[in-house]
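First up is the structure itself, then whatever we jot down about it.
The values are calculated or read from the model by the stated rules, or taken from the named source; none is laboratory data. These figures come from a predicted structure and were not determined experimentally. Here Cβ is always computed from backbone atoms with ideal geometry, including for glycine, and neighbour counts include all displayed protein chains.
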Amino acid sequence: KAGVTQTPRYLIKTRGQQVTLSCSPISGHRSVSWYQQTPGQGLQFLFEYFSETQRNKGNFPGRFSGRQFSNSRSEMNVSTLELGDSALYLCASSISWARDSPLHFGNGTRLTVT
Amino acid sequence: GNSVTQMEGPVTLSEEAFLTINCTYTATGYPSLFWYVQYPGEGLQLLLKATKADDKGSNKGFEATYRKETTSFHLEKGSVQVSDSAVYFCALFLYTGNQFYFGTGTSLTVIP
């Protein structure tokens, strides 16, 4: 069974640009969530999608957005990039939000903003 | 609010030493608790979990017990190996809020 796939693995952008990251969840997983990982802050929750609907959102500015398609694949977009957006962006999928339903993470997309 | 606090790292141990990584939580509800591990260049992998008080999660020689009275979920291993070198994250999940909360991670390096 294929794991969670994130593309691309690495991105280098300049301030002011926008970027789109992609995530393909494990087959059969309908929930996809996104996290930003930085050395000082650990994992910060961005948002979660289930059946194409955003069900939960973290405390990030509106420059961060996402969507989910009918095949459960998800994208996140960051507009007007800032230096502080440099981070590892992790996507995770889950069967559902059951009490014992763990997250399955991809290897992440490393975004560097210069 | 809801949060997870982990012991500060980095932690460096010799092979076969005993490992404890402390984790305490604050939750407005009845959470499930998890430990995830992240190896270099990879995403997080589930290590173990516990969904109710006094449950003990275990995997690959690691153990953690859900202690509701002390709101803790400390990770332990009796004899660490070089291959255990990674970053360990404690996390809680609240069904009512549909959200996971992660600690900041504890880096472990095991030297031969």
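Observations on the structure shown:
Yes/no per residue for (1) touching a helix residue (DSSP H, G or I) at 6+ places or on another chain (Cβ under 8 Å); (2) modelled with pLDDT under 95; (3) farther than 24 Å from B:Ser79 by Cβ; (4) of a type in the set (A, V, I, L, M):
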| position | (1), (2), (3), (4) |
| --- | --- |
| B:Met7 | no, yes, no, yes |
| B:Val11 | no, no, no, yes |
| B:Glu15 | yes, no, no, no |
| B:Leu19 | yes, no, no, yes |
| B:Tyr25 | no, no, yes, no |
| B:Thr28 | no, yes, yes, no |
| B:Val37 | no, no, no, yes |
| B:Leu44 | no, yes, no, yes |
| B:Thr51 | no, yes, yes, no |
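- Any hit, the range B:38-54, residues being more than 10 Å from chain A (Cβ to nearest Cβ), among the charged types (D, E, K, R) and assigned to a strand (DSSP E or B): no
- Residue within the range B:85-92 that is among the hydroxyl-bearing types (Ser, Thr, Tyr), under 12 Å from the mean Cα position of the chain (by Cα) and under 21 Å from A:Gly108 (Cα atoms) present: yes
- Qualifying residue in the range A:82-95 (condition: surrounded by fewer than 17 Cβ atoms within 10 Å (Cβ to Cβ) and either closer than 26 Å to B:Leu47 by Cα or within 13 Å of another protein chain (Cβ to nearest Cβ) (or both)): yes
- Within the range B:10-31, the set of residues being surrounded by 13 or more Cβ atoms within 10 Å (Cβ to Cβ) and in contact with a Leu (Cβ under 7 Å, 6 or more places away or on another chain) comprises B:Val11, B:Leu13, B:Leu19, B:Ile21, B:Cys23, B:Tyr25, B:Ala27, B:Pro31.
- From the list A:Glu48, A:Glu75, the one residue that fits, being within 14 Å of chain B (Cβ to nearest Cβ) and of a type in the set (Asp, Glu), is A:Glu48.
- Matching residues in the range A:55-101 - criterion: being farther than 25 Å from B:Ala91 by Cα and of a type in the set (Ser, Thr, Tyr): A:Ser70, A:Ser79, A:Thr80
- Single residue of A:Phe60, A:Phe105 found to be at the interface with chain B (Cβ under 9 Å from one of its Cβ atoms), touching a strand residue (DSSP E or B) at 6+ places or on another chain (Cβ under 7 Å), buried (at least 16 other Cβ atoms within 10 Å of the Cβ) and not aliphatic (A, V, I, L, M): A:Phe105
- The number of residues in the range A:60-84 being assigned to a strand (DSSP E or B) and of a type in the set (S, T, N, Q) comes to 4.
- When the residues of the range A:1-27 are filtered to those that are more than 18 Å from A:Leu81 (Cβ to Cβ) and out of contact with any strand residue (DSSP E or B) (no Cβ under 9 Å at 6 or more places or on another chain), the one that is nearest to the other protein chains (Cβ to nearest Cβ) is A:Lys1.
- Filter result for the condition that a residue is part of a loop (DSSP other than H, G, I, E, B) and either more than 14 Å from every other protein chain (Cβ to nearest Cβ) or surrounded by 14 or more Cβ atoms within 10 Å (Cβ to Cβ) (or both), over B:Gly97, B:Gly57: B:Gly97
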